[in-house]
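Shown next, in structure tokens, is the structure this report addresses.
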Amino acid sequence: MAHPKIALEPGNFYHIYNRGTNSCAIFKETTNYEHFLALYDKHISPVANTFAWVLMGNHFHLLVQILPPNSAGFQNLQGLEGLKTDTNKRINQQFSNLFNAYTKAFNKRYNRTGSLFEHTFRRKIINDKTYLKQVILYIHNNPVHHGFCDHPAEYPWSSYLSCISLKPTRLKRDTLMGWFDDEADFKYWHNQKIDVKHIEKWLDF
């Protein structure tokens, strides 16, 4: 079933997600996860703030807020002169650059050809603070839901550990933690059972 493309507009929050074609693996080893995150920092950090993320074996989830076109990141982008008057195209181009670069590297590494991701990346706009928190809980608990671990803290490829760490991070940790009463409240809600089916129905994933 075709999914309508939702415009990525400055100021808005989006849950962005995708999976491998025919649910194939898109991450096979540690270097894959590391390379995707490096490319993500290169291509997406200039156009969006990131609040939560998780990389699974055959899919990923991101929670981002698109930056305004006058931000430093947008102004420093190279090679997009023809898109300067169309913010939406510039944003989409950055995501395309990420996925194309990763696919190229992955295909070369594993001697494969063709598309790696199932379709154009999906996105859902989030305009309700309650749902914003539910998406964070869903993203961090994704490894638990899929049986990779018993608690988000046990999974290395998500933003959960960065949220409760004092180490420097590009993640908008302070803002995210501000949506909870404090760190104890953040951990409390991550220990609660979430309505996975309700969120996945909303995502149509």
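The values are calculated or read from the model by the stated rules, or taken from the named source; none is laboratory data. The structure displayed is predicted, hence computed values, not measured ones. A quick note on method: Cβ atoms are made from the backbone with ideal geometry, for glycine too, and the neighbour counts reach across all protein chains shown.
A few remarks follow.
- Tyr102 touching a Lys or Arg at 6+ places or on another chain (Cβ under 9 Å), at pLDDT 95 or above and aromatic (Phe, Trp, Tyr): no
- Within the range 11-66, the residues that satisfy the criterion of being closer than 18 Å to Lys129 by Cα, crowded, with 19+ Cβ neighbours inside 10 Å and over 11 Å from the mean Cα position of the chain (by Cα) are Phe13, Ile66.
- Every residue from the range 134-144 that is farther than 26 Å from Lys42 by Cβ and either part of a loop (DSSP other than H, G, I, E, B) or within 17 Å of the chain's Cα centre (by Cα) (or both): Gln134, Leu137, Tyr138, Asn141
- Search result, residues across the range 93-110 that are of a type in the set (A, V, I, L, M) and over 15 Å from the mean Cα position of the chain (by Cα): Ala101, Ala105
- Failed condition for Ile91, given (1) part of a helix (DSSP H, G or I); (2) within 30 Å of Asn191 (Cα to Cα): (2)
- Counting the residues of the range 169-198 that are more than 14 Å from Phe51 (Cα to Cα) and either over 18 Å from the mean Cα position of the chain (by Cα) or at pLDDT 90 or above (or both) gives 16.
- Scanning the range 94-128 for residues that are of a type outside the set (S, T, N, Q), part of a helix (DSSP H, G or I) and surrounded by fewer than 16 Cβ atoms within 10 Å (Cβ to Cβ) yields Lys104, Lys108, Arg109.
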